[in-house]
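Structure first, commentary second.
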Amino acid sequence: FFSVCAGMSKADEMLQRKTPELTVVKTIAEYQAIRRKLQGTVGLVPTMGGLHEAHLSLVRLSAQRCDHTVVTIFVNPAQFAPDEDFDAYPRQVQADIDMIRGEGIASAIVFVPDREEMYPSPCPPHPDLPSTSIPSVYVDVERYVEGKAEAKSRKGFFTGVATVCMKLFNMTSPHVVVLGKKDRLQCIVLIQVAEPLCSLGIG
């Protein structure tokens, strides 16, 4: 799973660097090999890419609070409604990576899984998610958002967000997750779901 240079794994290379440099990984196995060797606290900033200053402020906050920062970039098909164009969502992965690199964080990892890595097998369809984007297991949070205007206008959206975030939380094993306050209802739902399912702090 690793590229080897002079007998050293990517995980070992990262840990021995003296100057800030970004590590980009695409598979769970590759990320977790690095994660097992990290000492200190890990902050997670989950994103769908298309980064801008607001995202970078979250990255900086994670770097201030934690020894290591992980930024995930994954356009989550499970949170797109049937009438929303998943394929048209902007993707600029290399530009996003360059922006994170420009922050000069001492220990940063960008985790860029593809769809098969996140959702390796289908399951029976969830009534509120598009049939083309069904994850293998979903976290149904509709009762948390029942009656909310955001939920009425985007049916199944919060279940899709909760599902991908719980998977990312468990894959990356962070101590802290940094979320933007702009998406207040998302934050409330994720806190309610994460507390019984994960052991981490959300800031």
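The values are calculated or read from the model by the stated rules, or taken from the named source; none is laboratory data. On a predicted model such as this, the values are computed, not experimentally measured, just so you know. With ligands, DNA and RNA removed, areas are computed over all heavy atoms of the protein, side chains included. Shrake-Rupley method; radii C 1.70, N 1.55, O 1.52, S 1.80 Å.
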What pairs from Lys37/Lys182; Lys26/Lys182; Lys155/Lys181; Lys26/Lys167 go past 25 Å between their alpha carbons?
Lys37/Lys182; Lys26/Lys182
Can you send over the solvent-accessible area of Tyr119, 1.4 Å probe, protein chains only, in Å² to the nearest 10?
20 Å²
Amide H neighbours of Val177 under 5 Å, at least 5 residues apart or on other chains, H built in the peptide plane: list them.
Leu44, Gly201, Ile202, Gly203
Taking only protein heavy atoms and a 1.4 Å probe, the highest-to-lowest accessible-area order of Lys181, Lys37 is Lys181, Lys37
Excluding ligands and nucleic acids, what accessible area in Å² is computed for Leu197 using a 1.4 Å probe, to the nearest 10?
100 Å²
Determine the share of the stretch 58-106's accessible area contributed by carbon and sulfur atoms, expressed in whole percent, with a 1.4 angstrom probe.
51 percent
Heavy atoms of the protein only, probe of 1.4 Å, neighbouring chains included. What is the accessible area of Asp87 in Å², nearest 10?
120 Å²
Taking 0.36 nm per residue of sequence separation and subtracting the Cα-Cα distance, how much length would be gained by fully extending the chain between Glu53 and Ile188, in nm to one decimal?
46.3 nm
Built amide H within the under 5 Å cut-off of Val110, gap 5+:
Thr23, Val24, Val25, Val71
